[in-house]
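Single-structure report; data block below.
The values are calculated or read from the model by the stated rules, or taken from the named source; none is laboratory data. If you're wondering where the values come from, they're calculated on a predicted model, not measured in any experiment. Cβ placement follows ideal geometry from the backbone for every residue including glycine, while neighbour counts extend to all protein chains displayed. For the accessible areas, the whole protein counts, side chains as well, though only heavy atoms, and no ligand, DNA or RNA atoms are used. Shrake-Rupley method; radii C 1.70, N 1.55, O 1.52, S 1.80 Å.
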Amino acid sequence: MQRVPPPRGKAEGPSRALIFDSHYDQYRGVVAFVRVVDGDFRRGEVIRLFANGRESEVEEVGFFGPDTQKIDELKAGEVGYIITGIKDVADLRVGDTLTDAARPTAEPLPGYREAVSMVFCGMFPIDGEDYPDLKDALEKLKLNDASLHYEPETSKALGFGFRCGFLGLLHMEIIRERLEREFGLGLLMTTPSVLYQVVMTDGTKVPISNPTDFPDGSRILEVLEPYITANILVPQEFVGSGGVGQREAGYVRRDGVSLHRSRSLGLRSAAGRDRSELLRSAQDQNARLRQLRLRVGGLSPG
């Protein structure tokens, strides 16, 4: 007690709880894992999600021990679960604040940021008849992964599919593996891309995640793309000038630029990567995928 003080919270203040995880139960809806910061939460009371204002009645509260154990209430400083009855896991976002609908808090807990897709790609079934199965599989994955975004997409070369947004390349690979292993789907995926911001001549900014959606070049003033600088730590013997032999051996090229940089995230100009270049890349990728689909189907690419 002296070395590790107990959690501090206002037991009599408006109820606040931090959602740090959640999962979907097909019989009871979304189960939220929370840490109660202020107040308490009991079965039967109506709670409110601070981010979207969604309200629901608490069906059950409890804690982990390690199995779930139902109790009457969760108090300030305790960690447990709340069965909300909400059917959409996207409504309970990690980092959001739960509060009492009858006496809501004025300020949410700090640190919440909505998940934003950073990597986009097209996802198409190898067999066009599997499109309904792919749609059902994505809907099921969405129940347990609110950060997955998808919308229907049509390609002249690949047919019907979905344009999907992921948190990163690792997230994309995990979703692909689950679709192939758990649902038995054969997939074709286009080259991953990022979300561009196209600055129009009238000053408006248009977000573009697919090169085929780029507006006419005469209306584009500038194209911005996200970038990140990070610290890269490598042994000194692997830092070289970037010669041919060193590139083949996997050396890190110095180029006279300091390797010590702070982490940052922002937008830079995509100068030189105009609409025609981006469209050409997308068309080449679609042609390669079309040839792959024909070979898989036992047909000649010609």
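For Lys156 and Gln26, the FRET efficiency from 1/(1 + (r/R0)^6), where r spans their Cβ atoms and R0 equals 35 Å, is about 0.35.
Here region 32-98 is assigned +1 on the Cβ of each Lys and Arg and -1 on the Cβ of each Asp and Glu. Its dipole about the Cα centre then comes out at about 140 debye. Annotation for region 1-71: trypsin sites (Lys or Arg not before Pro) lying in DSSP loop with at most 14 further Cβ atoms inside 10 Å of their Cβ are Arg3, Arg8, Lys10, Arg28. Between Thr229 and Asp72, the contour length at 0.36 nm per residue exceeds the Cα-Cα span by 51.6 nm.
Taking the accessible area of region 1-57, probe 1.4 Å, and keeping the other protein chains in place, the carbon and sulfur fraction comes to 47%.
Give, in nm to one decimal, the length gained when the segment between Lys140 and Arg103 is fully stretched (0.36 nm per residue of separation minus the Cα-Cα distance).
Once the chain is fully extended between Lys140 and Arg103, it gains 9.8 nm.
Extending 7 Å from Cα along the Cβ direction at Glu222 and again at Arg113 yields two label points whose distance is 2.3 nm.
For region 43-85, the solvent-accessible area of protein heavy atoms averages 54 Å² per residue (probe radius 1.4 Å; ligands and nucleic acids excluded).
Here region 143-158 is scanned for amide nitrogen atoms under 19 Å from the site 7 Å beyond the Cα of Ile174 along Cα-to-Cβ, giving 143-150. Considering only Leu92, Thr105, Pro125, and ranking their Cα positions along the charge dipole of region 1-131 that arises from unit charges at the beta-carbon of Lys, Arg, Asp and Glu, the one farthest toward the positive end is Thr105.
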